């Protein structure tokens, strides 16, 4: 049965007992509004580790001023049910005050800052400070939960890359396990933000994954020029989807690439209605 | 007998064995050139913890381009002797490559960045990026050595404040133990950089501590106005010492203070010859 813990000290106590007993710990950091994508992370952790902690925390420091922090879905009761179904031992659901004290203005706190080169593209380009907030809260969660393994979805590909870089750069003794994107039957990548979409918008949103699948199809046929692949992808995008980016990123150095050589991330972001959606696919 | 370890993996292995055996671990992070100031930290750690690790690492990321990184004293053999005398179990002396890989350009690494308000004063004002380098390497050492306690000298008062803030902000499960400044009989605060000083400069350097002691004397007599105390201090400073700052900092918020109320840090920095020296005293 999943236990819900709201305070840092309580969680630290449990983790210490687990460590003393020789248990391995898996952490699944989430912002809640859990869906089948998260379920796959929790399941993987429960298979891999003796104990699994799912953190549910809508982290204020990773939202910009005009973003959806206050309206981001908060569904703790349902989240605990889902975590329980997939055999999580603990849901850690602290308040913002518990995590940051009474001031979570980033100007007054120690931040973990990923390198500019990784941040200043894809989502980081428009979401200023977003990845500082992500890296900082993940560091805090790592230090609190002391996991042996941490599970992140490939859907947030830039986040995953940045966390892997952070773990290496700061010598965290934690193994990062990337987990594949989970999709609806239509192809739409599952996301907490999908619940903002009307039925009509949902149909438009499917075109993001269609664009990616089409790119992959043409790549597999032998087309390696990213400009040509870009055009093919764009042609699949619903006219109501407002493109933010569709970029081809070399996995080795996380730089944009013109001609696809090695493992390449194709990442797309578009607004459907007022909802900002991301998706990606890997070519190799 | 102190063991010298040069690689991260080797140290991690030893620490894991210690933890398994239930030992508490103390870390004394240094840049080497160990002196009686460091000795007091090592001694304190050996008294407090089952096992003591002294790191000896001249950290490139905390030096500015025109600073003394290349000429900073490196005296590992002597350092190990001193560490041994004061009962350190391990001296951890990695290369820059071991710590940062083959590129230690800060633009390409994840950094730990203390808040601007703490950094943009005293030493941080002239040493741009210095405290990012300090916070980053200390985070790395914390993650590698997993100490229960870490020992820092009060001499680097701003560094100590920043590390304490970092531990709190990022939820490191580590107790920071501040240790008092160790002084020569003349009053001169002991520092690795003192060895740059000629005999004549050493006499001039003593005036930094004289300035601080005089300020404390007048404060104890009832003078609370920092401008008046500043003037009294400055009058004691040798004319060959080139003042960088003499600041009165409220310990509660690390802001400059005009009228001294609570615990207050009086911090001085001056160049004697080409050597930049710092010292401080606490009024309360």
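The values are calculated or read from the model by the stated rules, or taken from the named source; none is laboratory data. Predicted model, so just to flag it, every value in this text is computed and none were measured. With ideal geometry, Cβ positions are generated from the backbone for all residues, glycine too; neighbour counts draw on all protein chains shown.
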Taking the criterion of being crowded, with 17+ Cβ neighbours inside 10 Å, within 24 Å of the chain's Cα centre (by Cα), free of Cβ contacts under 8 Å to residues at least 60 places away in the same chain and outside the structural domain of residue A:158 (by TED's automatic domain parsing), would at least one residue in region A:264-275 satisfy it?
yes
Looking only at residues that are outside any helix (DSSP H, G or I) and within 12 Å of chain B (Cβ to nearest Cβ) in region A:130-149, which one is nearest to residue B:116 (Cα to Cα)?
A:146
Among B:161, B:196, B:251, B:218, the single one that is within 14 Å of another protein chain (Cβ to nearest Cβ) and either more than 30 Å from residue B:11 (Cβ to Cβ) or buried (at least 16 other Cβ atoms within 10 Å of the Cβ) (or both) is B:161
Which residues, counting only those in region B:69-88, are under 16 Å from the mean Cα position of the chain (by Cα) and either without any contact (Cβ under 8 Å) to a residue 60 or more places away in the chain or at positive phi (or both)?
B:69
If you go through region A:45-56 one residue at a time, do you hit one that is touching a residue at least 60 places away in the same chain (Cβ under 8 Å) and either under 19 Å from residue A:191 (Cα atoms) or part of a loop (DSSP other than H, G, I, E, B) (or both)?
yes
Given the condition in contact with a helix residue (DSSP H, G or I) (Cβ under 8 Å, 6 or more places away or on another chain), assigned to a loop (DSSP other than H, G, I, E, B) and at pLDDT below 95, answer yes or no: does some residue in region A:1-19 qualify?
yes
Subset of region A:166-190 (residues that are surrounded by 19 or more Cβ atoms within 10 Å (Cβ to Cβ) and facing chain B (nearest Cβ under 8 Å))
A:166, A:169, A:170, A:172
The residue from B:208, B:243, B:203, B:229 that alone is part of a strand (DSSP E or B), more than 14 Å from chain A (Cβ to nearest Cβ) and at pLDDT 95 or above is B:243
What are the residue pairs meeting all of these: first residue in region B:89-101, first residue farther than 13 Å from residue B:10 by Cβ, second residue surrounded by 20 or more Cβ atoms within 10 Å (Cβ to Cβ), Cβ atoms under 6 Å, and 6 or more apart or on different chains?
B:89/B:51; B:89/B:52
Residue count, region A:1-33 (criterion: more than 14 Å from chain B (Cβ to nearest Cβ), closer than 30 Å to residue A:70 by Cβ and touching a residue at least 60 places away in the same chain (Cβ under 8 Å))
9
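Every residue, every condition in (1) within 14 Å of chain B (Cβ to nearest Cβ); (2) modelled with pLDDT of 95 or more, yes or no:
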| position | (1), (2) |
| --- | --- |
| A:72 | no, no |
| A:80 | no, yes |
| A:85 | no, yes |
| A:109 | yes, yes |
| A:128 | no, no |
Residue check, residue B:68 against (1) within 14 Å of chain A (Cβ to nearest Cβ); (2) modelled with pLDDT under 95, all met but one. Which one?
(1)
Those residues of region A:114-126 which are more than 17 Å from the chain's Cα centre (by Cα) and at pLDDT 95 or above amount to A:115
